[in-house]
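> Supplied in structure tokens, the structure appears directly below.
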Amino acid sequence: MSGDLRIGGIRRGDSVEFTFEGERIVAQKGETIAMALWAHGQRVLRNSSRDGGPRAVLCNMGVCYECLVRIDGAVVRACMTEVENGMSVLRGGKP
Ligand code: FES
């Protein structure tokens with residue numbers, strides 16, 4: 001699934017562009033990586049190191065670590081990290 005799933009008719013902040021696995025994503029300033037990707041239909045943020053199964057946002061408040069992604073080699077929680085212009089985000093991370 002792709003496209004913008006945000007609710008229409010709401011005044012939003014400035015646009016921010018970043019990539020996820022090489023795909024260009026347009027978000028709004030102040031959004032987290034997790035919610036910007038959610039709005040574009042990207043649910044799988046990493047794969048389990050145990051069985052390879054898909055992992056996505058679970059708590060959306062920084063507790064579960066299911067949303068780990070990589071930015072410039074650093075592993076971060078997508079639900080706690082705001083989007084920035086030009087950032088390159090990759091799936092990844094443990095646990
Ligand atoms: S979704 Fe739980 S830490 Fe990000």
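The values are calculated or read from the model by the stated rules, or taken from the named source; none is laboratory data. Quick caveat, the model's predicted, so the values are computed rather than measured. Cβ: placed from backbone, ideal geometry, glycine included. Neighbour counts: every protein chain shown.
> Of the residues that make up the range 4-17, is at least one modelled with pLDDT of 95 or more and of a type outside the set (Gly, Ala, Ser)?
yes
> Please determine, by comparing only the residues of the range 49-70 that are free of Cβ contacts under 8 Å to residues at least 24 places away in the same chain and in contact with a strand residue (DSSP E or B) (Cβ under 7 Å, 6 or more places away or on another chain), which one is farthest from residue 7 (Cα to Cα).
Taking the candidates together, the pick is 53.
> Look through 27, 74, 56, 39 and report the one residue that is surrounded by 19 or more Cβ atoms within 10 Å (Cβ to Cβ) and either among the aliphatic types (A, V, I, L, M) or over 10 Å from the mean Cα position of the chain (by Cα) (or both).
None of the other options fit; the residue is 27.
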